[in-house]
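Before any comments, here is the structure.
The values are calculated or read from the model by the stated rules, or taken from the named source; none is laboratory data. In this text the structure is predicted, and so the values were computed from the model without any measurement. Cβ sites come from the backbone with ideal geometry, for glycine too, and all protein chains shown count toward neighbours.
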Amino acid sequence: MSFIQYDSFSKFSEIAHFCSSRHGGVSKGDYTSLNLSPFSGDKAENFAENKAILCETFKILPEKLVIPFQIHATKVREIENSFFDLPASERVNFLNGVDALFTRIPEVCIGVTTADCVPLLFYDPAKKVIAAVHAGWRGTVERIAEKTVHAIVEKCGSNPADIRVVIGPSISAGVYEVGIDVVERFKTNGFDCSKIVNNRNGAFYLDLWKANQYSLESVGILPNQIEIAGICTFSQHEKFFSARRLGINSGRMLSGIMLK
């Protein structure tokens, strides 16, 4: 299993989408084997070969695979045709500190890298717009999912009721222990912690899947148009990268989407 796909997106033949697993690549050590992040410390030549495997599998032009440098913030950027006209250094700057991308351009694959954080993929079949979002707890508490919806609505004229979202493989509420400071941040930012935090024997466990689901529903995404993969990266670390198990200098999955 090198890649997984989602039922709610697979019925749309006009898009390609995926989340990679740990398997099917060439990287070694804590990057074994299909590391798809150019920013996690893996050897550049290994990432390049893994990228080539991905691009061959999904018929992506390598120069049209766009991966931002994520910083757990909430900057949302649109990839337009003008992006590809920029010099390489300016493209790097454009993607620096970006945790969400959206585009309306066919044959451009946008993706985010994760290893326990939540990847979100969006598709509006009415306006033919796609998005990829990286939502760790910091992005989630600052409502990056909602900000992405607002950006798509503002720039593309989307109706939230038309947008489909997948919440991909990430750490689950059963094992994601956080400190009281994190819980307080969610309370301060208006989340109902009775629905997203479990207190077990004095320890707090956060449900990022539900937090993002409620966040999306609050801006008009329909509950039946949100698919939760239900795959815990920490518990299934043999199949998926988990930074909590491997440390920061380890591999990342890529969650990507492309208009064909």
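Considering Ser255, Ser235, Ser194, the condition of being within 30 Å of Pro62 (Cα to Cα) and of a type in the set (Gly, Ala, Ser) is satisfied by Ser255 alone. Among the small types (Gly, Ala, Ser), assigned to a strand (DSSP E or B), touching a helix residue (DSSP H, G or I) at 6+ places or on another chain (Cβ under 7 Å) and in contact (Cβ under 8 Å) with a residue 12 or more places away in the chain, is that true of Ala131? Spelling it out, Ala131 is indeed among the small types (Gly, Ala, Ser), assigned to a strand (DSSP E or B), touching a helix residue (DSSP H, G or I) at 6+ places or on another chain (Cβ under 7 Å) and in contact (Cβ under 8 Å) with a residue 12 or more places away in the chain. Of the residues making up region 108-128, those that are touching a Ser or Thr at 6+ places or on another chain (Cβ under 8 Å) and either within 16 Å of Trp209 (Cα to Cα) or assigned to a strand (DSSP E or B) (or both) number 14. Residues in region 1-27 that are modelled with pLDDT under 95 and in contact with a strand residue (DSSP E or B) (Cβ under 7 Å, 6 or more places away or on another chain): Ser2 alone. For region 183-260, the strands (runs of 3 or more DSSP E) that sit wholly inside it and include 3 or more residues that are at pLDDT 95 or above, within 27 Å of Ser20 (Cβ to Cβ) and of a type in the set (A, V, I, L, M, F, W, C) are 253-259. Which residues, taken from region 145-202, are over 21 Å from Lys75 (Cα atoms), in contact (Cβ under 8 Å) with a residue 40 or more places away in the chain and hydrophobic (A, V, I, L, M, F, W, C)? Once the filter is applied, which keeps residues that are over 21 Å from Lys75 (Cα atoms), in contact (Cβ under 8 Å) with a residue 40 or more places away in the chain and hydrophobic (A, V, I, L, M, F, W, C), region 145-202 yields Ala161, Ile171, Val175, Val178.
A count restricted to region 1-38 and to residues that are in a helix (DSSP H, G or I) and among the charged types (D, E, K, R) stands at 2.
Restricting attention to region 67-76, does a residue exist that is part of a strand (DSSP E or B), of a type in the set (D, E, K, R) and either touching a helix residue (DSSP H, G or I) at 6+ places or on another chain (Cβ under 7 Å) or crowded, with 16+ Cβ neighbours inside 10 Å (or both)? Checked against the condition, which is being part of a strand (DSSP E or B), of a type in the set (D, E, K, R) and either touching a helix residue (DSSP H, G or I) at 6+ places or on another chain (Cβ under 7 Å) or crowded, with 16+ Cβ neighbours inside 10 Å (or both), region 67-76 yields no hits at all.
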